[in-house]
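**Student:** The structure's right below; bear with me while I get my questions together.
The values are calculated or read from the model by the stated rules, or taken from the named source; none is laboratory data. Since this is a predicted model, take the numbers as computed values, not measurements. Here the Cβ is made from the backbone with ideal geometry for all residues, glycine too, and neighbour counts use every protein chain on show.
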Ligand code: 5GP
């Protein structure tokens, strides 16, 4: 069980910003920007890499849901970044697919 499984199960609290049938969004505990929200699908997918065909819809809904969260937070006008860290070099630390939504300041490019 990952940290995010436990949050979904209600075993660990999270600072929820949005929830619907498909996704849960909550504030990152170590924010890298004024807005740093993590968005996860309720149906578990471990990694972006090697995504099984049957999880394609889950991931599509995850992206749609993240855009909905962004609109709800009012960050769509100034813009925001959506990030998936995949694997060690990208510093993926939780083996449960998640989108990082970063906003609230001009973001540098390239990241990292
Ligand atoms: P990753 O590095 O796997 O892409 O992202 C995992 C994220 O989870 C990190 O940005 C990290 O700050 C966040 N995180 C780790 N532990 C907790 C926690 O207990 N609560 C919350 N809300 N976020 C966490």
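**Student:** Can you pull out every residue in the stretch 10-25 that is touching a helix residue (DSSP H, G or I) at 6+ places or on another chain (Cβ under 7 Å), within 13 Å of residue 42 (Cβ to Cβ) and assigned to a strand (DSSP E or B)?
**Tutor:** Matches in the stretch 10-25: 18, 23, 24, 25.
**Student:** Right, another one. Pairs only if they're at least six apart or on different chains, beta carbon under 8 angstrom, first in the stretch 23-45 and in contact (Cβ under 8 Å) with a residue 12 or more places away in the chain and farther than 24 Å from residue 57 by Cα, second outside any strand (DSSP E or B) and more than 7 Å from the ligand (Cβ to nearest atom); list them, first residue then second.
**Tutor:** Close Cβ pairs satisfying both conditions: 33/104; 33/105; 33/107; 34/104; 34/105; 35/73; 35/75; 35/104.
**Student:** Could you please let me know if residue 1 is within 15 Å of the ligand (Cβ to nearest atom), farther than 24 Å from residue 111 by Cβ and exposed (fewer than 14 other Cβ atoms within 10 Å of the Cβ)?
**Tutor:** Numbers: within 15 Å of the ligand (Cβ to nearest atom): yes; farther than 24 Å from residue 111 by Cβ: yes; exposed (fewer than 14 other Cβ atoms within 10 Å of the Cβ): yes.
Criteria met by residue 1.
A quick yes/no check of all residues on (1) within 16 Å of the ligand (Cβ to nearest atom); (2) surrounded by 15 or more Cβ atoms within 10 Å (Cβ to Cβ):
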| residue | (1), (2) |
| --- | --- |
| 13 | yes, no |
| 22 | no, yes |
| 39 | yes, yes |
| 60 | no, no |
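**Student:** Exactly one of these conditions fails for residue 57: (1) under 13 Å from the mean Cα position of the chain (by Cα); (2) in a helix (DSSP H, G or I). Give me its number.
**Tutor:** (1)
**Student:** Next up: Can you tell me which residue within the stretch 74-90, out of those that are free of Cβ contacts under 8 Å to residues at least 12 places away in the same chain and out of contact with any helix residue (DSSP H, G or I) (no Cβ under 8 Å at 6 or more places or on another chain), is farthest from residue 5 (Cα to Cα)?
**Tutor:** Let us first name the residues in the stretch 74-90 that are free of Cβ contacts under 8 Å to residues at least 12 places away in the same chain, namely 74, 76-77, 88-90.
Restricting the remaining residues to those that are out of contact with any helix residue (DSSP H, G or I) (no Cβ under 8 Å at 6 or more places or on another chain) gives 74, 77, 88-90.
Numbers: 74: 28, 77: 32, 88: 20, 89: 23, 90: 21 Å.
Here the residue is 77.
**Student:** Looking only at the stretch 62-84, decide whether some residue is near the ligand (Cβ under 10 Å from one of its atoms) and assigned to a loop (DSSP other than H, G, I, E, B). Break it down into steps so the answer makes sense when it comes.
**Tutor:** Taking the stretch 62-84 and keeping what is near the ligand (Cβ under 10 Å from one of its atoms), we get 83-84.
From what's left, assigned to a loop (DSSP other than H, G, I, E, B): 84.
Yes, there is a match, as at least one residue in the stretch 62-84 is near the ligand (Cβ under 10 Å from one of its atoms) and assigned to a loop (DSSP other than H, G, I, E, B).
**Student:** Here's a follow-up. Failed condition for residue 100, given (1) exposed (fewer than 14 other Cβ atoms within 10 Å of the Cβ); (2) near the ligand (Cβ under 9 Å from one of its atoms), with all others met?
**Tutor:** (1)
**Student:** Determine, yes or no, whether residue 48 is touching a residue at least 40 places away in the same chain (Cβ under 8 Å) and part of a loop (DSSP other than H, G, I, E, B). Full working, then the answer.
**Tutor:** Working: touching a residue at least 40 places away in the same chain (Cβ under 8 Å): yes; part of a loop (DSSP other than H, G, I, E, B): yes.
So residue 48 passes the test.
**Student:** If you don't mind, there's one more thing I want to ask. Among 65, 87, 74, 79, which is the only one that is on the phi > 0 side of the Ramachandran plot and either modelled with pLDDT under 95 or under 11 Å from the mean Cα position of the chain (by Cα) (or both)? It would help to see each step written out before you state the result.
**Tutor:** Working: 65 fails: on the phi > 0 side of the Ramachandran plot; 74 fails: either modelled with pLDDT under 95 or under 11 Å from the mean Cα position of the chain (by Cα) (or both); 79 fails: either modelled with pLDDT under 95 or under 11 Å from the mean Cα position of the chain (by Cα) (or both).
Going through 65, 87, 74, 79 in turn, the sole match is 87.
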